[in-house]
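Let me begin by presenting the structure, written as C-alpha cells, before commenting on it.
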Amino acid sequence: MYEGAVQELIDELGRLPGIGPKSAQRLAFHILEADAGDMQKLAEAITAVKTRVKFCSICGNVSEQDTCSICRDPRRDASVICVVEESKDVMAVERTRSFRGRYHVLGGAISPIDGIGPEKLRIRELLTRLSDDTVQEIIIATDPNVEGEATATYLIRTLKPIGVKVTRLASGLPVGGDLEYADEATLGRAFAGRLAV
Amino acid sequence: MYLAHLSLTDFRSYPGLELPLGPGVTVLVGSNGVGKTNVMEAIGYLSTLGSHRVSSDQPLLRFGTEQAFIRARLVRGEQQASVELEINATRANRARINRGNPVRAREILGLVRSVLFAPEDLALVKGEPAVRRRFLDELLVTLEPRHAATRADYDRVLKQRNALLKSARGGRLNEAQESTLDVWDHHLAGTGAELLRARLDLVQRLQPHIDTAYASLTDGSKIARAHYRSTAARPADVVSDDDGAVASAEAPAAVVGQDSGDDAALLADATVEELSALYVEALRAGRRQEAERGLTLVGPHREELELLLGPAPAKGFASHGETWSFALALRLAAYYVLLDDDLSGTQAPVLILDDVFAELDAQRRSRLATIVAGAEQVLVTAAVEGDIPPELHGARVRVLPGTVELDGTHGG
C-alpha cells in the first residue's frame, strides 16, 4: 500500500476496464513522473467528456450537441438505419466508409443475467423513428454472440409486423484469411449464408 | 496414434516430469498416492480439456503455482506432432500446436484422442444423468470439435433464459418478459436441437457396440442397451425430479407398441429444424411450470441416457459386477466408435486404464485385458504388479513420489 493520493489514484485506475493492479500501478507512477501540464490536460479532458458529452436525442450516439453530427448531416441517407449495440460500433461501421445511412444505438444487448431486458434498450426510440415513411430499411448489426443474436431476433420480431424492410449483416469468413484456418462455427455460418451467383 | 513422450510442469504433484512412452502396453506401477493417476489425468485433460476427477482447474496446478504445462509428442501414422497446453490460474488456458503461436485451448480438441477408464466410471451407471450426458458430450467433441462451441452457446443461452425466468415475480411473467422469453425459446430450441441431433446420432453409433462390449466382458446372458430420452419427444415427461432427468414414466403414446423407448430411434430421421420445432412446442407447453420454478425444464440439459440390462434399468437393478461391466462396456463402445470414425487409420485412440483392474474380479480382468491388449497404445496404472493380468505384456514404469523410473524398454 502506498500513501494517500498515490494509492487512491492506483485504486481509481484499477477500476477501469482492462486495467489490472500492476498496470494501474505503472500508470499511476507514469502520471506522477510526467509533465504537470500534460497531466492537467488529461484531467481536463476527463472532466470535459463528463460535462459536455451527451447522447444524441435521435440515435443515441455520443454527441456534444442535442443531436449528433451524423443525424444532422443532410447528405446522409435518411431512408436506411443501421442498428448497433454501442457507440463504438458506429465508429467501426463508419471506418468502412461504405455505409451512407444513419444509425441507431441501442445501448447494449438483451441480457437477463445483467438485468437488461428490451425495455432498457433504446427500442421504443427506434420505433418512434419509424412513425412516418422516411425509413425504408433497417440493417441489424448487433454482435454475433448469444446476446447479440437474441437482440437481433427480438428486433426482427418487433419490426417485421410494421412492414419495414429488415436486413442483417452477413456473417462468415474474414477477408484476407485462409479457408483452412477458419474455425468450424464461422465456416458453418458462411455455408449457411452462402450466396447464389 | 500413440504418445511418444509426455512432459509435465507443475501439474498436480509434479514440479517436472519427463516420461518417454511407446506403442503397445505400458504399465505404471507405484503405491497409492505417488501420482500415477495424475499422469493419466494429464493425458485425459489434453484430450477433453476436462479432468475426470475435478470440475475446476485449480487443483491441477501444483500447490502454490499459477501455471502448469502439459506437453506431449504424438505419432500418427508417419507423422509426428507436438502439443502444449498451458493451464493458468487467473487467465484463460492456451495451447500451442507444433510449437506454433499460442491459440485458444479449444483448438486442440480432437487432436489427442483417448478413452479413459477409471474407478469413477461406476458413476456412469449409478450416478446422476449429468454424468451420462457428460460422457456423450465429451465423445461428441472428440469426434467433432465444433460441438464444443455448440455446447458453450447452449449453456450461455440456458443461463440467460434461467435468469429471465427467475426475474418473474411470483411465477408470473409480464407481457415484456413473455415476448423476451419467446426470443430465448427460439435460441434455446435452435442450439439445443443441434446438440440433440448430434447426441442422437452418437447414441445410434454407440448402440451396437455397447451390447457387443458387454457380451464380451460377461458370459453374454443379458442384453445391454442405452436409450436416449429427450424432452423434445416427451413433453409430458417434463414435469420431473430435481436431478435434471426426465422422469422414466411410462412411454408416451407415440412409442407404444414398440419394444424400444429409444428416442434416438424414434427421432432418427428428424432434422435439426424439426427437433427445434419440437423443443419450441415443449417450451410453450411447459412455460407456466418453468415460470413458477424459475428454471428451464426443456432441453438437452434435462435429458437422460437410460441404461438397460435385459428389461430392467441398470441403475438400481444391476449387481456390483454388472454395474462395472456396463461402465466398462460404455467406455469400450466409445473406443469402438472412435475406431469406426478413424478413416485414415492413424487416429486410433489411446486407451488409459487407471486403477481399474484392482476393482474387477479375475474373469472380468482377463476379458478386459484380452480386449484392450490389441490397441495401438494402452497405458495402465496399478498399485501392485499382481493386479495386472498376465494378458498385458509390456513395458513397466515404476512411479515414485514426484518422479518415475523407467525399465529402459522405450528409452528416449
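The values are calculated or read from the model by the stated rules, or taken from the named source; none is laboratory data. No experiment lies behind these values; they were computed from the predicted model shown. Here the Cβ positions follow ideal geometry from the backbone for every residue, glycine too, while neighbour counts run over all protein chains shown. Remember, those area values only see protein heavy atoms, side chains included, never the ligands or the DNA or RNA. Shrake-Rupley method; radii C 1.70, N 1.55, O 1.52, S 1.80 Å.
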Distance from region B:325-387 to region B:68-85 (C-alpha centre basis), Å: 21 Å
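Considering only DSSP beta bridges whose two residues both sit in chain B, what percent are antiparallel, to the nearest 5? Spell out each step's value before the answer.
On the way: 43 of 61 bridges.
The antiparallel fraction comes to roughly 70 percent.
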Per residue, how many Å² of accessible area does region B:56-215 show with a 1.4 Å probe? 44 Å²
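Antiparallel versus total DSSP beta bridges in chain A: what percent is that, nearest 5?
On the way: 3 of 15 bridges.
If we restrict to bridges inside chain A, about 20 percent are antiparallel.
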Quick one: which residues, 5+ away or cross-chain, put their amide H under 5 Å from the amide H of A:D183? H built at 1.01 Å from N. none
Quick one: what are the phi-derived ³J(HN,Hα) couplings along region A:184-190, Karplus 6.51/-1.76/1.60 with θ = phi - 60°, whole Hz, x for glycine and proline? 4, 5, 5, 5, x, 5, 5
Degrees separating the helix B:362-372 axis from the principal Cα axis of chain B, which is the longest one: 90 degrees
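Looking at the protein assembly as shown only, what percent of DSSP beta bridges run antiparallel? Nearest 5 please.
Values: 46 of 76 bridges.
If we restrict to bridges inside the protein assembly as shown, about 60 percent are antiparallel.
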Relative to the longest principal Cα axis of chain B, at what angle does helix B:129-143 sit, 0 to 90 degrees, rounded to 10? 70 degrees
Show the residues, 5+ positions off or on another chain, whose built amide H is closer than 5 Å to the amide H of B:G24. B:Q377, B:V378
For region B:82-92, in order, what is each residue's ³J(HN,Hα) by Karplus, 6.51 cos²θ - 1.76 cosθ + 1.60 with θ = phi - 60°, in whole Hz (x at glycine and Pro)? 10, 9, 10, 10, 10, 9, 10, 6, 10, 10, 5
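Please identify the GluC sites (Glu not before Pro) of region A:1-70 that satisfy two criteria: DSSP loop assignment and at most 12 other Cβ atoms within 10 Å. Which are they?
Details: sites: A:E3, A:E8, A:E12, A:E33, A:E44, A:E64; in loops: A:E3, A:E64.
Hits after loop and neighbour filter: A:E3, A:E64.
For the protein assembly as shown, which whole-number percentage of the solvent-accessible area (1.4 Å probe, protein heavy atoms only) is attributable to carbon and sulfur atoms? Each step should come with its number before you reach the end.
Details: 15670 of 29810 Å².
Answer for the protein assembly as shown: carbon and sulfur cover 53 percent of the accessible area.
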Gaussian network model of chain A, Cα within-10 Å springs - most flexible of A:Y181, A:Y103, A:Y154: A:Y181
If you take the Cα Rg of the protein assembly as shown and divide it by 2.2 N^0.38 Å, with N the number of residues, what do you get? 1.14
Angle in degrees between helix B:147-166 and the longest Cα principal axis of chain B, rounded to the nearest 10: 40 degrees
Can you give the accessible area of A:T134 in Å² (nearest 10), computed on protein heavy atoms with a 1.4 Å probe? 70 Å²
If we restrict to alpha carbons, what Rg and Dmax does region B:129-313 come to, in Å? 17.1, 61
For a label point 7 angstrom out from the Cα of B:N98 toward its Cβ, which stretches of region A:160-197 have the backbone nitrogen within less than 16 Å? A:178-182
Of B:V356, B:V34, B:V125, which has the largest mean-square fluctuation in a 10 Å C-alpha GNM of chain B? B:V34
Given the Cα-Cα distance of A:L27 and A:L127 and 0.36 nm per residue of separation, how much length would full extension add, in nm? 31.6 nm
Counting only GluC sites (Glu not before Pro) that sit in a DSSP loop (anything but H, G, I, E, B) with at most 16 other Cβ atoms within 10 Å, what is the longest stretch of chain B containing none of them? B:79-249
From the helices alone, meaning DSSP H stretches of at least four residues, give me the mean residue ellipticity at 222 nm for the protein assembly as shown, per-run term -39500 (n - 2.57), in deg cm²/dmol to the nearest 500. -13000 deg cm²/dmol
Under 10 Å, Cα contacts only: if you run a Gaussian network model on chain B, which one of B:Q67, B:Q79, B:Q207 comes out with the highest mean-square fluctuation? B:Q79
Please report, to one decimal in angstroms, the Kirkwood hydrodynamic radius of region A:93-197 built from all distinct Cα-Cα pairs. 15.7 Å
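Mind checking the mean number of beta-carbon atoms from other chains within 10 Å of the Cβ atoms in B:179-187? Mind dumping the intermediate values first?
Values: counts 5, 9, 1, 3, 12, 6, 1, 5, 5.
The mean count of partner-chain Cβ atoms within 10 Å per residue comes to 5.
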